[in-house]
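Quick notes on the structure that follows.
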Amino acid sequence: MGREFTILNGPNLDRLGKREPEVYGTATLADLEDDVRTEASALGVDVSFFQSNHEGALIDKVADLADGGCAGLIMNPGGLTHTSVALRDAIAGSGLPAVEVHISNIYRRETFRHTSMTAPACEAVISGLGFEGYLAALRYLAKRA
């Protein structure tokens, strides 16, 4: 198995730093990607990034990654976490080890956020650690690759 991992971010994560800074902080998606690249370098693994506000684009990307030899997936599905059976099915059918990550603690937020449609298709879920959750997910996947 290879040592390249992909970080997928769903709807509205391109708005990090601007959208609800009291929930998500003021750091941007570019800042997150820089943090992940630094950690990847320290771990000796490669990373790529994909963000889309469109469910179908995320589903297509999961299929491309499954067919392209990706070693694992770190995914923050955003609002699709709570609604997308199709994204859940794409992850489950991909054969990729996946970790679901949420910047905020979804269990301290609105009740509808307490249910994840996508989590059962993932090996683990990290919620509420901010950007550190992505780094923890990368460390986990890198150890098992």
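Summary table below
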read-out	value
FRET efficiency estimate (nearest 0.05) - Cβ-Cβ, Glu123 to Ala30, R0 35 angstrom	0.80
Gain in span if fully extended, Phe112 to Thr38, counting 0.36 nm per residue against the direct Cα distance	23.2 nm
Highest average packing first - 136-142, 54-60, Cβ atoms within 10 Å	136-142, 54-60
Among 23-33, 100-110, the order from most to least packed when residues are scored by Cβ within 10 Å on average	100-110, 23-33
Model label zone, Ala145; criterion: amide N under 19 Å from point 7 Å along Cα-to-beta-carbon; scope segment 81-103	94-101
Percent of Cα-Cα distances greater than 27 Å, calculated over segment 4-136	11
Counted charge near Val23, where neighbours are those whose Cβ lies closer than 13 Å (Asp, Glu -1; Lys, Arg +1)	+3
Net charge contributed by nearby residues that have their C-beta within less than 11 Å of Asn12 (K/R +1, D/E -1)	+1
Spatial separation of Cα centroids for segment 1-78 and segment 93-145, in angstrom	12
Linear extension gain, His54 paired with Glu20, 0.36 nm per residue minus alpha-carbon span	10.2 nm
Debye, to nearest 20: dipole size of the chain, +1 on Lys, Arg Cβ, -1 on Asp, Glu Cβ	320
Leading residue at positive end of dipole, the chain (Cβ point charges), from Val62, Gln51, Thr115	Thr115
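Bear in mind that the values in this text are calculations on the coordinates, not laboratory data. If you're wondering where the values come from, they're calculated on a predicted model, not measured in any experiment. Ideal geometry is used to build each Cβ from the backbone, glycine not excepted, and the neighbour counts take in all protein chains shown.
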